[in-house]
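Novice: What follows is a single structure, and I will ask about it in a moment.
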Amino acid sequence: MEKAAERLPSDIAFRKSSHSGNDSNCVELAPIPGGIIAIRDSKAPDHGLLAVSAGQFAELRRRIRKGALAPRP
């Protein structure tokens, strides 16, 4: 079976939020053709990525802003 990462374009342009400054503890995002958003850890860019639809990414952002994904004690 072909892995999803093998079907991705080789020239994906990831970007980090301007709010992160020089800190490496953040995620990087990249749009992929077909309405997909790629998400990866900036500390470990070679350890894979999460690819979600634009709708799923919008829902993720909404839940983060709402505080629904806050770390559990």
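A short reminder: the numbers here are calculations on the coordinates, not readings from a lab. Just so it is clear, the structure is predicted and the values come from calculations on it, not from any experiment. In this analysis, Cβ positions are derived from the backbone assuming ideal geometry, glycine residues included, and neighbour counts consider all displayed protein chains.
Novice: In a shell of Cβ-Cβ distance under 9 Å around ALA30, excluding ALA30 itself, what net charge do Lys and Arg (+1) and Asp and Glu (-1) give?
Specialist: Working: positive: ARG15, ARG40; negative: GLU28.
Result for the neighbourhood of ALA30: +1.
Novice: What net charge do the residues around ALA58 carry, taking every other residue with its C-beta under 13 Å from that of ALA58, with Lys and Arg at +1 and Asp and Glu at -1? Intermediate values should be presented prior to the final figure.
Specialist: Numbers: positive: ARG61, ARG62, ARG63, ARG65, LYS66; negative: GLU59.
Within the 13 Å Cβ shell, the charges total +4.
Novice: Another question, if that's okay. Between SER53 and LEU69, what is 0.36 nm times their sequence separation minus the Cα-Cα distance? Round to one decimal in nm.
Specialist: Result: 3.9 nm gained on full extension.
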